[in-house]
Structures are given as C-alpha cells and as structure tokens.
Amino acid sequence: MSERIVSGFSRWTREEKRAWINRTSGTGSASEEDPLDLFTISNPQVRETLDAFSENTLGYFALPYGVAPNFLINGQTFTIPMVTEESSVVAAAASAAKFWLERGGFHTQILSTTKVGQLFFHWSGPFDRLQAFFPDMEAKLLAESQHLGANMTKRGGGVSGMELLACPEAGEGWFQIRVQFLTSDSMGANFINSHLESFARSLAEFFSHRDDIPQAQRKADVLLAILSNYTPECLVSAEVSCPVADLSGVYREMQAEVFAERFWQAVHIAETDVWRATTHNKGIFNGVDAVVLATGNDFRAVEAAGHAFAARDGRYRSLSTCSLEEGQFRFGLTLPLAVGTVGGITGLHPLARKSLAILGQPNAGQLMEIIAAVGLAQNFAAVRSLVTSGIQEGHMRMHLINMLVHLQASSAEKEKAQAHFSREPVSFAAVQTYLENLRS
C-alpha cells in the first residue's frame, strides 16, 4: 500500500502531520526553511481560534491586508480594509475613490434583505391536494421551529414567508417548499439551515398523522433541506454620477465627452457579450471579495450569487450599467450580497473584528452598501484604464516590485529601477535586462 494512504490523520498532532507531509511529498529539506514556518502566530489563543476554522491545519497562508482611503459613501467618508494578493486592486480602488470624492461620492441603497431556504421532498399525492393541506402544514412547521428563532425575532428577523412549488423537472411527485428569511445582522446560514432541518422533521410527521388521505400517501421523503446561496431578494445598489463636463481631466488630454462615450460603449459591450461580461464582472469581484474576506464573510457564496444574478434572464451579462442622458454620466450596479456583521467568524477572527472597527461597526445593511461601493469603484477603475491607457500600463507598474523581489534586487537597485521604469514600459524581460546591465 502506498505510504500516501493514511488512516486517522485528523487525530495526529500538527508536528506529526507536517513530518508526514514533508516525507511523502519530498518537500522537507534540512538545508531550507519550511515555508510552513514563515507565517507563525505566537498568541496561543488566536492560534487555537484559527485552527478551529478548518481541519488538519498545518500553518497559515498569509495574504496582504491593506486599506483604500477616501471612500465617500452616502455623505460619510470611509477607509476600506481589503484582503487581496493582486497588487493593483487596492491601488485601483483608492484611485477611483479619490476621483469620485470630488464629484459627490458613491450613493448606495438597500433594496431588500430576504434570504431563501429550500425543502425538496417527494410525495405520491396530487399537487392540488397538497395545496389544500399547505396552510395547516405551514402552521405546524412554524410552530415546531418557534424555539429556534426567539433571539432572531427580537432583532427583527425570522421566517418571513413560505411558498409551495411543484418541481416537475425533478421528476413526478417532487415538490419544494421555498422559505424566505430575514436574518438581521447575521449572514444567517446556521439559522436558516437549523430551521429547514426542523421543517423536514415536522413535514414527515405531518403526513404520517393525516387520516384524510390514503395510507400510501402518509409518507413524505425529504431529500434536501438547505439554504440557497442565490439571493436575488437580498439586493443593494450603488451609483456614481456627474455632468459629463466634470469628467474633464480623467485621462491626460482626452476630452470629457470622448471619455464618457468610450466608457459607455465598453460597459454596453459587457452587457451584450458573455466573453467580455465574465472578465468585466471579475473586476467587480476583485473589490467585493477583498472586503468580504477582510470582514470574515463568505466570498464563495457572494460570488456564486453574483454570477447567478448576472445570468438571471438566461444570458450572462454585466452587473454594472452606464448611461449618458441630457449631459449626465451615470454608472451603477445592483448586487445580491448576503453578508453579516455578527456570528460566523466575523466576531472570532481578530482581523475581521479590526476591519469592522475600521468601518465604524456597520450593521449588515451598511456593510452591503460599503461592499457594493467598492465593487463599483473597482469596476470604474478597470474600465477607465481599458478605454484610456490600457490595462497593462498601471497593472505592470504595480507588478514591478514583485519582479524586483523575484530577481533579488537590492534596495539601491529597486530605487533605480523604479525611477527608470517610471518612463519606460514594464515587462519581466525588460526588468531582468535592466538589472543585468546595472550590475555589469
């Protein structure tokens, strides 16, 4: 049997796991420092907290934690914490924030905050009979789960609605109960899933006690009881706007009207071409994910919802829109954003707590607005670069430091290289050649 097959691995100590990993992968070397030792946490309490977030933890993967200042959102100024490994993201967000700071800032609005859970079950009776039962069924499900939502109800949350749906695409006899939830300042995944599993037990019991249906129909087989990460009723919008004339100076000698028209055309293309829309929306999530990560929220759920929302009419499109009407430039987006400021790891991760403190301890709705504004800023910065200088001019300059580090440049060499490439195009080959010439 291969030595890479292991039993009881999760019960081993961290040192035993690391020794096994290094031995079986050939990555351990007495002459080199183990990369797992590069990022350590000396505080035992913090280490224990982070270890509990995952399984078989061997170490910690560090990402840069930075901030983008000067975000004016609904008349209030914010400094935004961001976690990202892409060097141009924070710089682009900060640049766009500074640009719009002088033009009224970002205007955001919560459109709705409803989240959804689903209960899929099989029942052998007809749908119209099930519809007749549904009021009694709903009352039973709510009554028997009431204890789960006491604290949430006090905060204004809880179950806000239920609907019964037939699911013929799943096969004959398949139905769904779709449940709407309000979860206040928490993301609410555990709250929703606990309710749905309670509903599943109550639903099975409901049919077993019906004397007014045939014996063969006194059983419901619940297959799935789970929240949906698609949240088209948990929406936030963000917008920037100004007279077209106020765009003067956005790029060198380009006229404001020319920039506005080029910008509008680029966004219009992203609304109609799926190839462009995918990259366009990725740029939005460069900003969104960075704030979601910094605040301890689930960026995977946020991205899944966003991309599904982009295809809600059957065709994948840009999440942002642009208009030029009566001399006014408007650029905005609407995003589904299920995030929280309490529960989960937002209150456990030290840096997540720090992020919320930097943001002024926002509630969940305010955090939705902040994230949407950052996503829009990121998108504006990307499209601005594309329709003016091209994306690589700024992008590669941000990567210059990475290249110099990779090429083991000294402090003096870095300083000279940065001065040189402030006037010259940046590429890895060009940087390598410059250093070789400098050293010779």
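The values are calculated or read from the model by the stated rules, or taken from the named source; none is laboratory data. Here the structure is a predicted model, which is why all the values come from computation and not from measurement. Note: ideal-geometry Cβ built from the backbone for every residue, glycine included; neighbour counts use all protein chains shown.
Contact map, the stretch 12-37: first residue part of a loop (DSSP other than H, G, I, E, B), second residue of a type in the set (Asp, Glu), Cβ cut-off under 9 Å, separation 6 or more or different chains; pairs are Thr27/Asp34; Gly28/Asp34. Condition (residue is touching a residue at least 40 places away in the same chain (Cβ under 8 Å), part of a loop (DSSP other than H, G, I, E, B) and not assigned by TED's automatic domain parsing to the domain that holds Arg330) applied to the stretch 65-84: is it met by at least one residue? For the stretch 65-84, residues touching a residue at least 40 places away in the same chain (Cβ under 8 Å), part of a loop (DSSP other than H, G, I, E, B) and not assigned by TED's automatic domain parsing to the domain that holds Arg330: absent. Among the residues making up the stretch 431-440, those that are part of a helix (DSSP H, G or I) and either exposed (fewer than 15 other Cβ atoms within 10 Å of the Cβ) or touching a residue at least 24 places away in the same chain (Cβ under 8 Å) (or both) are Val431, Gln432, Thr433, Leu435, Glu436, Asn437, Leu438, Arg439. Being surrounded by fewer than 20 Cβ atoms within 10 Å (Cβ to Cβ) and outside any loop (DSSP other than H, G, I, E, B) is a description that does not apply to Arg315. Scanning the stretch 85-109 for residues that are in contact (Cβ under 8 Å) with a residue 24 or more places away in the chain and within 17 Å of the chain's Cα centre (by Cα), we see that the one that is surrounded by the most Cβ atoms within 10 Å (Cβ to Cβ) is Ala93. Of note, Ile5 satisfies the criterion of being part of a loop (DSSP other than H, G, I, E, B) and more than 30 Å from Ser87 (Cα to Cα). Reported count of residues in the stretch 399-421, each being under 34 Å from the mean Cα position of the chain (by Cα) and touching a residue at least 24 places away in the same chain (Cβ under 8 Å), is 7. If you go through the stretch 280-296 and keep only what is buried (at least 24 other Cβ atoms within 10 Å of the Cβ) and either aliphatic (A, V, I, L, M) or out of contact with any helix residue (DSSP H, G or I) (no Cβ under 8 Å at 6 or more places or on another chain) (or both), you end up with Ile284, Val288, Ala290, Val291, Val292, Ala294. Could you grab me the full set of residues in the stretch 297-307 that are surrounded by 15 or more Cβ atoms within 10 Å (Cβ to Cβ) and either free of Cβ contacts under 8 Å to residues at least 24 places away in the same chain or farther than 20 Å from Gly332 by Cβ (or both)? Across the stretch 297-307, the qualifying residues are Asn297, Asp298, Phe299, Ala301, Glu303, Ala304.
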